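Here's the structure we're looking at; comments come further down.
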Amino acid sequence: MSMVKFIPFLHIHPELKTEMVREFERFYDDQKYISGQGLEKFETEYSKFNQINYAIGVGNGHDALLLAMKCLNIGPGDEVIIPALTFIATALAVINAGATPVLADINDNSFCIDPKDIEPKINNKTRAIIPVHLYGNPCDMDSIKSITQKHKLHIIEDNAQAQGSEYKGQKTGSIGVINTTSFYPTKNIGAFGDGGLITTNSKELAEKARTLRNYGKSPDGHYSLKGINSRLDELQARLLSIKLKYLDGWNKERIEIANKYTSELANIGDLQLQNVRADCKNVRHIFPILTKKRNRLRNFLFSKGIETLIHYEKPIHFHGAFLSLGFEKENFPAAEKVCKSELSLPVYPGLKEEDIFHICHQIKNFYLKD
Ligand SMILES: Cc1ncc(COP(=O)(O)O)c(C=O)c1O
């Protein structure tokens, strides 16, 4: 059996290559290499996909978060609550906005921010909560909304890992006042380079985001705000438009793969799977399993030709980059447990049935021998 790679890009893209090359030729001939028709078209298409009024393409997922906070005038002296388990970009964006990230632990079953740990972290400096729909799993948005309504805080959804997920029938990335996503190549819809996007239902915030991403240049041509250069690249937008047509189908495949893993791996050894609420849709950006034997299982699977990854080696409070914030004195047991025991199994559109069963068979084999 050949190696089962974690993400084989060419495996996902062969049917798109002809369309992509044709689009590149159009892009070349149009000679509008920045902020052309392709960007505007993709923004309209993505806003429809995400069931929200406005989509604003930006340079990457980090900048989407940074600009979302700038749109809400969040900066020095403000605090923003984020989960202790997320990609480092969520925390860095808060710091780069000039604000302070405050951590809340995750829920032991969903692996998403635990609403019970949010309220104790709120004080008069708190301005927003950034729920991260981790691995594609929607956060408990009803509980988060009731906290933000009570304390008059903003919700900024970090939807980088959940393009197409739904919370009680509503698309994630359309619930907060302003939300973000990333088109890093490994995402459910990934670019051929960097890319990101902001979503909002507010015309005013959308206009501000468009201004801020383009050096602060407002529609009247004047530089009215201190912005940055973070536009979604025209070529990336055109290629993303092609991929967007396939996204629902790809997400469906990811869910089917996850369902097979879930039924094959239930009650095997000490494995713990991510809990998805019955009223939610998780588009399975990552399929995590937790086990105390993570490193041994990972080596065993590799010896059988199966590539796995770890998301993430460290929770936010363990990163050296944040030493000055004093997180090392804090304790987030659920986030720490996931980092010690998580293993990500291959999940991508085009993963063959025989590969899924080979992976499950080898995991069962590991536990029989262990
Ligand atoms: C949860 C989360 N937030 C933010 C980002 C940052 O996105 P980017 O790498 O496009 O800056 C990523 C992914 O990379 C992510 O997974």
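The values are calculated or read from the model by the stated rules, or taken from the named source; none is laboratory data. Remember, it's a predicted structure, so these values are computed and weren't measured experimentally. Glycine also receives a Cβ, built like all others from the backbone with ideal geometry; neighbour counts cover every protein chain displayed.
For segment 96-112, check the following and say yes or no: at least one residue is of a type in the set (A, V, I, L, M, F, W, C), crowded, with 16+ Cβ neighbours inside 10 Å, in contact with a helix residue (DSSP H, G or I) (Cβ under 9 Å, 6 or more places away or on another chain) and part of a helix (DSSP H, G or I).
Taking every residue of segment 96-112 in turn, none turns out to be of a type in the set (A, V, I, L, M, F, W, C), crowded, with 16+ Cβ neighbours inside 10 Å, in contact with a helix residue (DSSP H, G or I) (Cβ under 9 Å, 6 or more places away or on another chain) and part of a helix (DSSP H, G or I).
Take the conditions more than 16 Å from the ligand (Cβ to nearest atom), over 30 Å from residue 354 (Cα atoms) and in contact (Cβ under 8 Å) with a residue 60 or more places away in the chain and apply them to residue 29. Does it pass?
no
Here is a yes/no grid of residues against (1) under 21 Å from residue 227 (Cβ atoms); (2) under 16 Å from the mean Cα position of the chain (by Cα):
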| residue | (1), (2) |
| --- | --- |
| 30 | no, no |
| 41 | no, no |
| 52 | no, no |
| 60 | yes, yes |
| 83 | no, yes |
| 106 | no, yes |
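For segment 168-187, name all the residues that are surrounded by fewer than 24 Cβ atoms within 10 Å (Cβ to Cβ) and of a type outside the set (A, V, I, L, M, F, W, C).
168, 169, 170, 171, 174, 184, 185, 186, 187
Any residue in segment 152-169 that is of a type in the set (Lys, Arg) sitting within a Cβ distance under 9 Å of a residue that is in a strand (DSSP E or B) and more than 15 Å from the ligand (Cβ to nearest atom)? List the pairs, counting only those 6 or more apart or interchain.
168/280
For segment 315-333, which residues satisfy the criterion of being touching a residue at least 60 places away in the same chain (Cβ under 8 Å) and either assigned to a loop (DSSP other than H, G, I, E, B) or in contact with a strand residue (DSSP E or B) (Cβ under 9 Å, 6 or more places away or on another chain) (or both)?
The answer is 315, 316, 317, 319, 322, 325, 327, 330, 332.
Mind checking which strands (runs of 3 or more DSSP E) fall wholly inside segment 115-228 and carry at least 1 residues that are within 12 Å of the ligand (Cβ to nearest atom) and touching a Phe, Trp or Tyr at 6+ places or on another chain (Cβ under 8 Å)?
Output list reads 196-200.
Which count do you get for residues in segment 86-95 that are crowded, with 21+ Cβ neighbours inside 10 Å and in a helix (DSSP H, G or I)?
Of the residues in segment 86-95, 5 are crowded, with 21+ Cβ neighbours inside 10 Å and in a helix (DSSP H, G or I).
What's the total number of residues in segment 215-249 that are more than 26 Å from residue 25 (Cα to Cα) and crowded, with 19+ Cβ neighbours inside 10 Å?
Qualifying residue count for the region: 1.
Just wondering, is there one or more residues in segment 77-87 that are farther than 22 Å from residue 244 by Cβ and either free of Cβ contacts under 8 Å to residues at least 40 places away in the same chain or outside the structural domain of residue 104 (by TED's automatic domain parsing) (or both)?
No, the conditions are met nowhere in segment 77-87.
Matching residues to (1) closer than 18 Å to residue 195 by Cβ; (2) within 16 Å of the ligand (Cβ to nearest atom); (3) of a type outside the set (Val, Ile, Thr):
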residue	(1), (2), (3)
16	yes, no, yes
20	yes, no, yes
55	yes, yes, yes
58	yes, yes, no
74	no, no, no
94	no, yes, no
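Which residues, counting only those in segment 268-285, are surrounded by fewer than 21 Cβ atoms within 10 Å (Cβ to Cβ) and among the β-branched types (Val, Ile, Thr)?
Listed by number, the residues that qualify are 268, 276.
Here's the yes/no breakdown for (1) within 16 Å of the ligand (Cβ to nearest atom); (2) over 22 Å from residue 125 (Cα atoms):
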| position | (1), (2) |
| --- | --- |
| 51 | no, yes |
| 66 | yes, no |
| 84 | yes, no |
| 87 | yes, yes |
